[in-house]
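The values are calculated or read from the model by the stated rules, or taken from the named source; none is laboratory data. Values in this document were obtained by computation on a predicted structure and should not be read as measured data. Because the Cβ atoms are built from the backbone with ideal geometry, glycine has one as well, and the counts that use them run over all protein chains shown. The area values use the complete protein model at the heavy-atom level, side chains included, leaving out ligands, DNA and RNA. Shrake-Rupley method; radii C 1.70, N 1.55, O 1.52, S 1.80 Å.
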Amino acid sequence: MAQDKHAVNVLYVELDGGISPIQVDLLELSIQEAAQRGFDMILLRLDTPGGLVESTRGIVKEMLNSPMPVLVWVGPSGARAASAGVFIVAASDVAAMSPQTTIGAASPVTMGGGDVNGTMERKVKNDILSLLRSLASRKDRNIEWYAKAVEEADSITASEAVMSGVVEMLAEDPEDFLQQAGARGVPTSEGVLRFSLDNVNLVPYEPGFRYDFLSWLLHPQIAYFLFLGGIAGLFFEVSHPGSIFPGVAGALCLLLALYALSVLPTNAAGILLILFSLVLLILEIFITSYGLLSIAALLSLFIGSTILYREGTGLVLPLSSILATVITLAVFVTAVLYLVSKAQLRKPTQGQEAIIGAPATVRTWSGTHGRVFLRGEVWNAVSPTPMQPSPGDTVRIVRVEGLTLTVEP
């Protein structure tokens, strides 16, 4: 039965970028706000290259259990609903795409973007394929194409998606989508809701600073760079004690990175290998290894970086980023170790060690004992063998014992 309402309140939510746990929180909070404020439906604007399988399932779960309809519009022009985006579109109550957008390529991939092979391939594909089939059949969408998107990584344009029954309509913008959806009718728990655009109140959802910050923090490469930045800061602090700022900044970066890595699907072995590289770099400062510890640290860092994220999760850490990071850290470590070595080899300018080898002027002398003048002070002096210097002659300091200098001609 058709149902008419005088005013239709729609909460407009934007979902951009890779799908991660923070996007699940965004949709959950937006659904809660929509329920509390009495919204009639949610319009989700989607533009994603894909993301984590578990996070995708979380979003689908939130959409299926939403007390109000969730409409999905892939837009604006140039946007895409790839990989995880296919599942979000399939889970929507009404779906539309903007012209010049695409949908598809839902096959699971490995960390580096390669194919999942063997038994793992069958398990992962069968799992997500069964979910996608059930979502597509729920709204009488093209089940065959959705299966093809997983099995063959097929992608199609917006026009092709409408013609083949993958989505319901083609819409230039959210207003165009709502106008068509209102004329077509949106299924709700109380019946089919029909409305005109004049009666629609479209309210943007403002997730706030927390969402923006966590979206940035939970990006795989940001978390990785923060982790390495923390290691670099702590290494600099250990090699230059008292610098303070590098240590504080490094500790902050490391804590933020560890939080992000605890949320993202990481391998413990990858994290431990990267931390082990820090230990080796610190040992390089105190042990003469002729660079062997530094080489081992960089090798540990490279291996740890390549296995940092679990396979089959959709997270990709490009090899180019890993190599650039390792090379940059190698240059940084080389520079720091050079400065440390230079400081250790530099002749002391303060304390008793600083006067060894310095010249002193004889004031009085008899046999192996006498007094010498050095840097504005008169010192007691001794010599290993008897000497016969005259007052004003110069001797060289070879050792300092308390307030007595050992000198030689």
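Key figures for this structure:
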| quantity | calculated |
| --- | --- |
| Tally of residues being in contact (Cβ under 8 Å) with a residue 12 or more places away in the chain and either surrounded by 11 or more Cβ atoms within 10 Å (Cβ to Cβ) or farther than 14 Å from S366 by Cβ (or both) across the range 376-394 | 13 |
| Any hit, the range 233-249, residues being buried (at least 20 other Cβ atoms within 10 Å of the Cβ), closer than 24 Å to Q23 by Cα and of a type in the set (A, V, I, L, M) | no |
| Those residues of the range 277-292 which are farther than 20 Å from G229 by Cα and either touching a Leu at 6+ places or on another chain (Cβ under 7 Å) or polar (S, T, N, Q) (or both), in sequence order | I287, T288, S289 |
| Filter result for R57 (out of contact with any Cys (no Cβ under 7 Å at 6 or more places or on another chain), closer than 26 Å to S196 by Cα, open to solvent by 10 Å² or more (accessible area, probe 1.4 Å) and not aromatic (F, W, Y)) | no |
| Among (1) modelled with pLDDT under 80; (2) open to solvent by 50 Å² or more (accessible area, probe 1.4 Å), the one test that H369 misses | (1) |
| Count of residues meeting criterion [closer than 15 Å to P174 by Cβ and open to solvent by 10 Å² or more (accessible area, probe 1.4 Å)] in the range 41-54 | 2 |
| Extreme residue, modelled with the lowest pLDDT, among residues of the range 138-162 that are open to solvent by 50 Å² or more (accessible area, probe 1.4 Å) and under 18 Å from P49 (Cβ atoms) | S155 |
| Set V53, V8: member being farther than 27 Å from V263 by Cα and modelled with pLDDT under 95 | V8 |
| Number of positions in the range 88-111 that are of a type in the set (S, T, N, Q) and at pLDDT below 80 | 2 |
| All positions within the range 327-366 that are on the phi > 0 side of the Ramachandran plot and either in a helix (DSSP H, G or I) or at pLDDT 75 or above (or both) | G357 |
| Hits in the range 167-203 - residues which are open to solvent by 50 Å² or more (accessible area, probe 1.4 Å), assigned to a helix (DSSP H, G or I) and either within 29 Å of A105 (Cβ to Cβ) or of a type in the set (D, E, K, R) (or both) | E175, Q180, R184, D198 |
| Conditions (1) assigned to a helix (DSSP H, G or I); (2) without any contact (Cβ under 8 Å) to a residue 60 or more places away in the chain: number failed by E206 | (1) |
| Cross-chain or 6+ apart pairs with Cβ under 6 Å, the range 148-166 first and within 22 Å of P76 (Cβ to Cβ) and in a helix (DSSP H, G or I), then open to solvent by 40 Å² or more (accessible area, probe 1.4 Å) and not hydroxyl-bearing (S, T, Y) | A158/L170; V162/L170 |
| Residue match in the range 256-265 (condition: surrounded by 20 or more Cβ atoms within 10 Å (Cβ to Cβ) and either within 21 Å of A330 (Cα to Cα) or free of Cβ contacts under 8 Å to residues at least 12 places away in the same chain (or both)) | yes |
| The range 395-409, subset over 14 Å from E377 (Cα atoms) and without any contact (Cβ under 8 Å) to a residue 40 or more places away in the chain, residue surrounded by the fewest Cβ atoms within 10 Å (Cβ to Cβ) | G402 |
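Here is a yes/no grid of residues against (1) closer than 30 Å to A7 by Cα; (2) under 19 Å from the mean Cα position of the chain (by Cα):
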| site | (1), (2) |
| --- | --- |
| V192 | yes, no |
| S196 | yes, no |
| S243 | no, no |
| G247 | no, no |
| L255 | no, yes |
| V279 | no, no |
